[in-house]
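Here the structure comes first, spelled out in C-alpha cells, and everything after it is commentary.
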Amino acid sequence: AAVVRRLAPPAVRRARARLAAAAATALAHPEMTLGRRTSVALQELLGRMSGSSSLAAVMRACQTLEVATRLSVVCCAELAKQGAVPILYSLIRSCNRSGPHLLLLRHALATLRHVSRQPALVVYVAAPAEAVEVLVDLLQMFRDKERTFMLAVGVLSLVCKYKAKTMGANSTKEYWMPVELEKRLRSIAKLLSRKHQV
C-alpha cells in the first residue's frame, strides 16, 4: 500500500492531501461533520412550519439534506424519522416556476429520491396521503422542465412500486391509484408521446 501511494500520479497525491486536510478540519470543527450539518438543516426545515425561515435558509437546508442523504443511509433515516418528509411535500407544493423555486424543488425531490431508494425508508416517502397527488401535479406542471420532471418520475415510480406491493399484500383491492390521478397520468403520457413523435 505504501508503494502504491508513493508511485501515485501527482493529481492523486494532491487529491489525497486535500482529503486529509478536509478530514482534519472536520475533526477540529465538529459542527462541520455530516451528522451535525444534517441536524442543523433538519432544524431549519422543521422551523419552516412556524414560518420563521427565509427562502435562502430553506434553500441552504435543502442543499445540505440532498448531499447528506446521497452520502449517508444514517442521514436518510434521521430525516425520515424526524418527520421532514411531509414538510418536503408541503415545500414542493408551494413552489412555482421561478428560477429559485425550481432549484429548491430539485433539491427537495432529489432528497426524497435518496430516502425512497432505501428499502426500509420508502414507507416514509409513500405514507403521506398527498404524496402521489403532489408528484402527479409536478409531472403536469413541469413536463417541459426535463430535470425536474425526471426527478419527479423517479420518486413517483418508487412510491408507486411500494404502494402496489403493500396494497396487493394487505388488501383485497388490486389497484390502489385513484381514477382521477390515473387519467391525469395517461394524459401526460399521451402528450409526451405526441411531442416525442413530432
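The values are calculated or read from the model by the stated rules, or taken from the named source; none is laboratory data. If you're wondering where the values come from, they're calculated on a predicted model, not measured in any experiment. A quick note on method: Cβ atoms are made from the backbone with ideal geometry, for glycine too, and the neighbour counts reach across all protein chains shown. Each accessible area value is taken on the protein alone, full model and side chains, heavy atoms only, with ligands, DNA and RNA left out. Shrake-Rupley method; radii C 1.70, N 1.55, O 1.52, S 1.80 Å.
The set of residues in the range 135-147 being buried (at least 19 other Cβ atoms within 10 Å of the Cβ), within 19 Å of ILE87 (Cβ to Cβ) and touching a residue at least 40 places away in the same chain (Cβ under 8 Å) consists of LEU138 alone. Could you tell me whether VAL153 is at pLDDT 85 or above and not charged (D, E, K, R)? Yes, satisfied. If you go through the range 21-43 and keep only what is open to solvent by 60 Å² or more (accessible area, probe 1.4 Å) and modelled with pLDDT of 75 or more, you end up with ARG36, ARG37, VAL40, GLN43.
Residues that are open to solvent by less than 100 Å² (accessible area, probe 1.4 Å) and without any contact (Cβ under 8 Å) to a residue 12 or more places away in the chain within the range 188-197 comprise ALA189, SER193, listed in sequence order. Test VAL67 against the criterion of being in a helix (DSSP H, G or I) and open to solvent by 20 Å² or more (accessible area, probe 1.4 Å), and give yes or no. So VAL67 fits the description; yes.
Residue-by-condition table, conditions (1) within 30 Å of LEU192 (Cβ to Cβ); (2) crowded, with 20+ Cβ neighbours inside 10 Å:
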position	(1), (2)
ARG60	no, no
VAL73	no, no
CYS76	no, yes
PRO86	yes, no
ILE92	yes, yes
LEU109	yes, yes
ALA120	no, no
GLU130	yes, no
